[in-house]
Structure formats: C-alpha cells, structure tokens
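Notes follow the structure.
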Amino acid sequence: MNSTRLVRVAIAGLALSGLLTACGGSGSGSDGSGAASGPVTLPFWGWANGQEAVVKAFNAAHKDVQLKYTKVTDQLTMQKQLTNAVKAGNAPCLVQNTAEYVTSWVAQGALADITKYVGADKDTFNPGSWSAAQVQGKLYGVPTSSSPNFTIYRTDLFQKYGLQAPATWDDFIAAGKVLKKHGVKITNYAGEDPSTLEVLAMQAGAHWYAIDGDSWKVDFQDAGTLKAAQVIQQIIDNDLDSKLSFADYAAVQRNYDDGGTATRQISTWQMAGMVQNFTKSFGKWALAPWPTFTGEAAKTPAGTNLTGGVTLVTKQCAHQQQAAQAALWMSTNPGAVKTMASPTTGNGVMPALADSSAYADEAISQKLLGSNYAPAKKVVTDSLSTVTTDWTFGPDWTAMFTELQSGWAKVVSKQQKVTDLLAHMQRWTVADLKSRGISVKG
C-alpha cells in the first residue's frame, strides 16, 4: 500500500490547532445547520458485512432522513476513494472507518466536529470506544464497535503438555518454550503485519505520537515501547512463532486447526474466520484474558484496525446534524447493534456501548468453544473495562505504518532487531512529518 498522503499542510510550523482543523474545503454544509425543505438523503460509504441491512432498517424507521449506501471493497480502498472525493469536493456525508485514520482525516480538514450534536451521549458508550472518535476532545464521529482483546488457545495442547493459560507475557514465553519441544508454536508473526508491535506497545503505555503544545511529539523508544520490544524479541529469538503470511489465509487457518500454532491474541470478529475454515478442532478452544506485563494490572490495547470502528461525518456534508444523529442511531438501536454484532448477519464485532454484555452471545462462537463457551463471555466483557484510552494516532499514520511493515518483515526473518526497527522509525517519522510541513519534536 502506497501512502495516500492524507495530510498536506502547506505552511511550515503551522500551529497545531490550525493543523487539526484547517486545510480542507468547507463544503456546502460547513455551518452544520442541516436545514432542509424536504426529506434529506445522506450518502454513506462503508464495507462491513451487515451494513446494508442496518441502512435498510434505518430508512424504514425514518421519513425525513434517508441513507444512500455505497459499499466500498475494503478499508484500504476506502482511504483512497475518500481522498479523491474530498479533493473533488463531493465527499459522502457518512463514512465507515477505524480509529487509526481519524486524526489523519481531521488534520486534512475533511471531518466535521459533531460534538454539539451527539456529545451528550458519551455515557452511552464505553470509554475506549468513545476516545476512538475524538481528537483533542472534539468528536468527529460515533463509535460503532468495541475492542475486546483476549487470548484464544488450544485447551487440548495446553492440557497435554501440563500448561495453564498464560496470565503474563513471561508465562506466555515460558509456555512457548515448552510447546516448541513438541513441534508447536505458541503464536504466529506474519511478516507483513506489525500490528503485534503496535498493540503490545500500546498495552505497555507507549506513546508513539503525542501532542506537545503546538507540535507533535514522536517517541518510538519510550519505556513502554522498549518493554514490548523485549517480549517480541524473546519470542523471535527463541523461535516460538510461526511465520505464516496472511496472504494465504487458508493456510494460516489450517495451521491453527491442525495444532501447529496454539494461541492467538484476537478480538471477537476473527473468530468468524476460524469457524468458517476449521474442520478438526471445534470445541478445543478457550478464551483467557490478554496477558499482562509481570506485576502490572490488566490492560488491553485500544481500538485499531481490528475493532476500533467509527462512523465519521464529513465537513462537506450539507446536513451534519442529521448525519450525526443517523450515525448515533446505527450505533445504539438494539436491532442494528444486534445485526452488526453477529458473525452471521454482520461482522461479529462487539458494540461500542457501555454495556455490551447482552451481545456477547452473538459475538462469540459456541461451535468453536464448546464447553468453554460460557466462561468465554465473561472474558470478553471483562476486557472492555481494561481498554487503554490514551493512545494517539499520528497525522501520518498510514505512511508510518507502511514503513513499519517493511521493517517488521526483517524483524520476523531475524535480519534486524526490534530495537533497530524502532530507532529507524523514530528518525523516519520525524523526517516524514517535517516533510509535510508539520511541526514536530522528537
């Protein structure tokens, strides 16, 4: 994926407040009044399974506002098409997206501040999800999904070799060494997917990007990041990981099904792929909390491209208030939420609601978990109360993550250390932000 260059700030040293709110065309609806003489039609772009059914239900329930849904191929295609639409001045009113892109779109001036329309509904959502739609305390969308994260593991393999579900990363590494003796890997690190490094750093309290006065502060070498790097390096150095690319998704799933790899750190939606591809191991999987760093309280990473879903409102929308309220309806209407939470009718993600316990049955698979199904529900819902809320996605996140991908492949193949990659990312990200005319420290 080539960088889509989402952030183009023309004036070097521009104050951060300007960087985050200027630079985009205001469009016909910049006043946000939403005044209309007849029924309002709101263009809505998305890609998630189940979204069309939710749009149909919304339209049936509303006379004065209708959604016109366009299905985009996938998330990466969305970023490219939205970039073109914003430049052409014909962006849709509503856009499905994920947490890591929100800051970039705000920095481009593409999104509307909808705090005054839905800010009062904050307590309806859990804190981790609510923070995913915010930049500097302003709300630019409505959260659609939560980010419960946990370990799913093969109970038969753990029992066979006298292991307990790992409570800490130290336990995880120790269990991996035992499993290795029997030809089993404890995890899989795909060379194209550095999200493992991202989420462990997030859990460890790292801040790759932060806002410091009128500048961005970049730090890929803080204590949290180095703590995460140490865990990953031990796993790689001891050959505890499979190295299967998700380019052959079926092969990855067969490996889990055959018992070649014994655990995954995942969220609810990934269980659907396991159910669809497995043939042998149904009923042999269980859930455990995301491992902690030794001596620390439970903490799970915030929403990423895995689960941090939001419905964003664009600045070019002529009816921002109606768009904001439509987004709120799709995230809170019980029927709509149930449709999306189900891996059968939707995309199997947990809702962003403060209390999602009623939807846990829809989001996890009894077929996959068997007798471990009932306790799994508590693992999922408990994890929502430990999600980090202080992670910031930088304004060049897309470009940065692309660069991180190329280096991560070398880490997985033992061509460089994690710390080497982090040192490179520090230099590269500072230089990249400066090249965009963005004030940066680091």
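We did not get these values from a lab; they are worked out from the coordinates using the rules stated. Note that this is a predicted model, so its numbers are computed, not measured. Reconstructed Cβ throughout: ideal geometry from the backbone, glycine too, with neighbour counts over all protein chains shown.
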**Request:** Return the single residue from G213, G191, G224 with maximal mean-square fluctuation; model: Gaussian network over the chain, springs between Cα atoms under 10 Å.
**Result:** G213
**Prompt:** Residue separation times 0.36 nm, minus the C-alpha to C-alpha distance between S371 and A167: what's the value?
**Reply:** 71.4 nm
**Message:** Just to confirm the filter: which trypsin sites (Lys or Arg not before Pro) across the stretch 251-305 are DSSP coil and have at most 12 other Cβ within 10 angstrom of their Cβ?
**Reply:** K280
**Asked** Using alpha-carbon positions, what is the distance between the centroids of the stretch 38-58 and the stretch 190-266, in Å?
**Response** 34 Å
**Message:** Need the full-extension length gain, K80 to N238, defined as separation in residues times 0.36 nm minus the C-alpha distance. One decimal, nm.
**Reply:** 52.9 nm
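In whole percent, what relative contact order does the stretch 296-442 give with Cα contacts below 8 Å and a gap of six or more residues?
17 percent
Around D212, what is the net charge, scoring Lys/Arg as +1 and Asp/Glu as -1 over all other residues with Cβ under 12 Å from its Cβ? Before the final figure, lay out the partial values.
Values: positive: K217, K441; negative: D214, D219.
Local net charge: 0.
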**Request:** For K441, enumerate residues with amide H under 5 Å from its amide H, sequence gap 5+ or separate chain, H modeled in the peptide plane.
**Result:** W216, K217, V218
**Asked** When the helices in the chain are scored as -39500 (n - 2.57) per DSSP H run of 4 or longer and the sum is shared across all residues, what 222 nm value do you end up with, to the nearest 500 deg cm²/dmol?
**Response** -12000 deg cm²/dmol
**Request:** Quick one, could you list the DSSP H helices from the chain stretching 24 Å or more along their long axis (Cα atoms) with average Kyte-Doolittle hydropathy of -0.5 or above?
**Result:** 418-435
**Message:** Under 8 Å for C-alpha pairs, at least 6 residues apart: give me the relative contact order for the stretch 315-379, rounded to a whole percent.
**Reply:** 20 percent
**Asked** Can you give me the relative contact order of the chain as a percent, contacts being Cα pairs under 8 Å and 6 or more apart?
**Response** 29 percent
